[in-house]
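The next block holds one structure in the form of structure tokens; read it before the comments.
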């Protein structure tokens with residue numbers, strides 16, 4: 001009897017632990033917070049923030065200005081010596097691959113620079129030149145702590161000072177549909193998947209794009 005009770009208690013503990021683990025990992029499908037975040041975005045797309053960005057000329061860019069276009073968004077800081085260069089190179093590849101979609105104004109690339117001190121208009125312009133950004137690759141900066149927080153929150157960006165004047169941050173490709181909703185997040189190495197999704201959305205959302213206010 002005691003042995004049976006001991007077995008029952010162990011089973012209940014394991015079952016309870018399994019339930020907790022199931023909930024914490026989103027049904028065993030997510031074993032990391034990042035994976036769970038991406039699954040949540042896929043299920044419940046997030047709207048773009050209303051906070052304005054500033055381009056190299058100081059002009060404001062808001063979500064409504066981008067309406068009707070599919071976006072691929074990355075987050076960079078212009079003094080970044082490594083991962084941001086990789087992102088810039090990947091965006092360069094996407095720019096070539098999406099030539100037709102960019103030319104017909106169905107897709108845009110958006111690099112959001114978040115170093116409030118060093119991402120100056122001149123630094124943004126230099127980043128554009130370095131990566132040969134065309135007119136449909138927007139490089140803009142967050143002009144304030146509040147704007148940066150809003151864009152970070154919407155996209156789940158984490159940037160931690162590295163003690164050397166730079167940041168350690170998650171480097172991802174974020175796909176936004178023509179309705180201004182973040183719908184998918186990809187690692188940099190998964191750029192072909194981001195490219196395919198952007199193309200698919202651009203075709204699917206074409207009627208909406210034609211009616212969008214500019």
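The values are calculated or read from the model by the stated rules, or taken from the named source; none is laboratory data. Nothing here was measured: the structure is a model prediction, and the numbers come from that model. Every residue, glycine among them, receives a Cβ derived from its backbone with ideal geometry; neighbour counts consider all protein chains shown.
Residue 88 meets each of the listed conditions (1) touching a residue at least 60 places away in the same chain (Cβ under 8 Å); (2) buried (at least 19 other Cβ atoms within 10 Å of the Cβ) apart from (1). Return only the number of the condition from (1) at pLDDT 95 or above; (2) within 14 Å of residue 91 (Cβ to Cβ) that residue 182 does not satisfy. For residue 182, the exception is condition (2). A residue that is under 18 Å from residue 59 (Cα atoms) and either part of a strand (DSSP E or B) or free of Cβ contacts under 8 Å to residues at least 60 places away in the same chain (or both) can be found somewhere in segment 146-168. Among the residues of segment 96-107, are any at pLDDT 95 or above and surrounded by fewer than 17 Cβ atoms within 10 Å (Cβ to Cβ)? Within segment 96-107, one or more residues are at pLDDT 95 or above and surrounded by fewer than 17 Cβ atoms within 10 Å (Cβ to Cβ).
Can you confirm whether residue 82 is buried (at least 22 other Cβ atoms within 10 Å of the Cβ), under 23 Å from residue 158 (Cβ atoms) and free of Cβ contacts under 8 Å to residues at least 40 places away in the same chain? Before you say what the answer is, go through the steps one by one.
Working: buried (at least 22 other Cβ atoms within 10 Å of the Cβ): no; under 23 Å from residue 158 (Cβ atoms): yes; free of Cβ contacts under 8 Å to residues at least 40 places away in the same chain: yes.
No.
Looking at this structure, is residue 24 buried (at least 16 other Cβ atoms within 10 Å of the Cβ), farther than 26 Å from residue 145 by Cα and modelled with pLDDT under 90? It is false that residue 24 is buried (at least 16 other Cβ atoms within 10 Å of the Cβ), farther than 26 Å from residue 145 by Cα and modelled with pLDDT under 90. Looking at segment 54-67, can you tell me whether even one residue there is crowded, with 19+ Cβ neighbours inside 10 Å, assigned by TED's automatic domain parsing to the domain that holds residue 162 and over 17 Å from residue 143 (Cα atoms)? Checking segment 54-67: at least one residue is crowded, with 19+ Cβ neighbours inside 10 Å, assigned by TED's automatic domain parsing to the domain that holds residue 162 and over 17 Å from residue 143 (Cα atoms). Looking only at segment 112-133, decide whether some residue is over 14 Å from the mean Cα position of the chain (by Cα), within 27 Å of residue 45 (Cβ to Cβ) and crowded, with 20+ Cβ neighbours inside 10 Å. Within segment 112-133, one or more residues are over 14 Å from the mean Cα position of the chain (by Cα), within 27 Å of residue 45 (Cβ to Cβ) and crowded, with 20+ Cβ neighbours inside 10 Å.
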